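Report on the following structure.
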Amino acid sequence: MIPVTTLPVSFARLRAVAVAAALLMPIALRAQHSEPAPAVTPSAVPRPAGVGDSMGVAATMIAEPTAAHDTQGHGAAADGKVDIITPHITDGNHLEIPYWKPPFYKEITLPHWAPVNFPLVGPVDISPTKHVVFMWLAAGLVMALLLWAAAASKKGHATVGHPKGFAAGIEAMALYLRSEVILPNVGHHGEKFVPFALTMFFFILFMNLLGLIPYGSTATGNISVTATLALIAFVVVEVSGMIAQGPGYLATLFYWNKDLPIVMRVIMFFVMSPVEIIGKFTKPFALAIRLFANMTAGHIVLLALIGLIFTFKSLVSGAPFLMAVAISMLELFVAFLQAFIFTLLTSVFIGQVREAHH
Amino acid sequence: MRLLSVAARRALLVLPLVVAPAFASEPAEGGPVNLLEPKGGLMFWTLLVFIVLLFVLSRYAFKPLFAAVEAREKALEDAIAGANRDREEAQRLLSEQKAGLEHSRVEAQKIIADARSTAEKMKADLLEQTRQQQVEMLEGARRDIEGEKSKAIADLRREAVDLAIAGAGKVIQQNLDAAGNRKIVETFLASIDGAALRKR
């Protein structure tokens, strides 16, 4: 059973995020049809390419009212409204890259590959999409950064006894997560979970951050990505529980409280066991939804505010502009926070299942 | 009960969210986009990229990054374990020492007690023996004295008889009535003997 103390926190968070997502998602969905709030006329803004880029690029796009480029399947509606939010937060087989001529971006179509037939699963289309590309990019950046930091740290330790500069910062971050977040939560002999949790952290962090740079996109704003990450966490949690507890792992699935009298015990077994089993799946589900909803909701808010700038087209635009800046900063924080929370909760779950006693 | 209610509330909240993706259908072209629709390709790439990243990072980034810290932690742990071991060893030695000391003390006590009882016994024995000897010596002396006395008495008697006879010889030389005289003498001697005996 999950200790009561940790429940209200995660529960409250889950609820808050779920509510936020539920409130914000219809805006994105309806924006395609008739909702005028975040939508602008195609003559004004064809399509901003990213979040952070929007100021410069979108401003140019006003001066460049071509709107002639490909918008099919991206929400160009017949009534002259265009949806700028949905294409941004959803996946697609197009990639926007910086371009030196106005509108300063160029759309390239990603290649389409034949679906690969996986055993047990069937054919899966593994063609690269926008989010796949940004995931690769995030992985590449993480790899480059951490390998460089490790090398620099090693060199620093060998020469002056401590790393210097940015590498020291990365090392301090990794060390903090290791000694203050992962190890205390995972419990005894948690060292073997450190690389896993840290990989999770940096991978998610970079996917989050890539959505905040111009022309970028957030792979973690896609439920498939967060669900897979949560699934990985789920498997790690449960397998580590099975290894740590042996047959005692069944006690985390089936409620059999030896402190209760036998009649009550049997009743509680049938009442609590489904709850326990559902609880197993709730945790990764909450992880996936939390990350996905946070990233998606943040981007929707940001894009709605940016849309407002071009809707007002006057000095009033200053207000949404300032708000967009503030929300961007908040998003920067959220990018770190959500990566941290995912890592923290995964560690907590591993610790719980390894220490669970009934 | 609170546990149950929290878990139940949680489960109830989660239920519609769990079911929701199941109802998600392929969006029609141009229709609303379903944000909760899982895409196999993306899931595949996420899994693959994560596994590769995990492998590369744990091998080439985290290992060297934490090598110094882990070495330090290990050294610290070893030092603590060593100190604990040493303390336990010292504790063990101390208790052993104490037990040994206690043992020797008891031993010494026992030896002293033994010696004391032995001495006591020996003293008693010796005393007894001395007393016995004393008694024996006394007895012997008494016996000797008795013997000597009776011998002396016999000697004296013989001497007295001899003297008396010698005296009597003289008397006989004077007075040839020996028989009558002898009787007188013996009567006399008997009176001496009885007086002497009574005197003693």
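Which FRET efficiency value, to the nearest 0.05, do you get for A:PHE254 and A:LEU120 by plugging their Cβ-Cβ distance into 1/(1 + (r/R0)^6) with R0 = 35 Å? In this case the efficiency is close to 0.80.
Want the number for B:ASP114 to B:LYS151: 0.36 nm per residue separation, take away the alpha-carbon distance, what's left?
Numbers: separation 37, 0.36 × 37 = 13.32 nm, distance 5.34 nm.
Roughly 8.0 nm would be gained on extension.
The alpha carbon centroids of the stretch A:131-199 and the stretch A:212-264 are separated by 24 Å. Run the Debye formula on the Cα coordinates of the stretch A:114-223, all scatterers equal and no solvent, and tell me log10 I(q)/I(0) at q = 0.10, 0.14, 0.22 1/Å. Debye output, listed in q order: -0.42, -0.74, -1.15. Ordering A:SER240, B:SER191, B:SER58 by the number of other Cβ atoms within 10 Å of each residue's own Cβ, fewest first, gives B:SER191, B:SER58, A:SER240.
When the chain is fully extended, how far beyond the present Cα-Cα distance does B:LEU163 get from B:ARG59, taking 0.36 nm per residue of separation?
Values: separation 104, 0.36 × 104 = 37.44 nm, distance 14.43 nm.
Taking B:LEU163 through B:ARG59 to full extension adds about 23.0 nm, to one decimal.
Using a cut-off of 23 Å between Cα atoms, the listed pairs A:LYS280/B:LYS63; A:LYS106/A:LYS313; A:LYS154/A:LYS192; A:LYS258/A:LYS283; A:LYS155/A:LYS192 include A:LYS280/B:LYS63; A:LYS106/A:LYS313; A:LYS258/A:LYS283; A:LYS155/A:LYS192 as exceeding that distance.
Label point of B:PHE188 set 7 angstrom out along Cα-Cβ; within the stretch B:135-165, amide nitrogens under 13 Å from it belong to B:160-165. Between B:LEU138 and A:MET242, the modelled label-to-label distance comes to 10.5 nm, taking each label 7 Å out from Cα in the direction of the beta carbon.
By the count of neighbouring beta-carbon atoms within 10 Å, fewest first, A:THR220, B:THR118 end up ordered B:THR118, A:THR220.
What is the mean projected area of the alpha carbon convex hull for the stretch A:226-345, to one decimal in square nanometres?
Working: hull surface 41.5 nm².
For the stretch A:226-345, the mean projected area of the Cα convex hull comes to 10.4 nm².
Placing a pseudo-label 7 Å from each Cα along the Cα-to-Cβ vector at A:ILE262 and B:GLU37 gives an inter-label distance of 5.6 nm. Each label point was placed 7 Å from the Cα along the Cα-to-Cβ direction; for A:SER273 and A:PHE321 their separation is 6.5 nm.
All of the numbers you see were taken from the coordinates with simple rules; none came from a lab. These numbers were taken from a predicted model, which means no experiment stands behind them. Neighbour counts run over all protein chains shown; Cβ positions are idealised from the backbone, glycine included.
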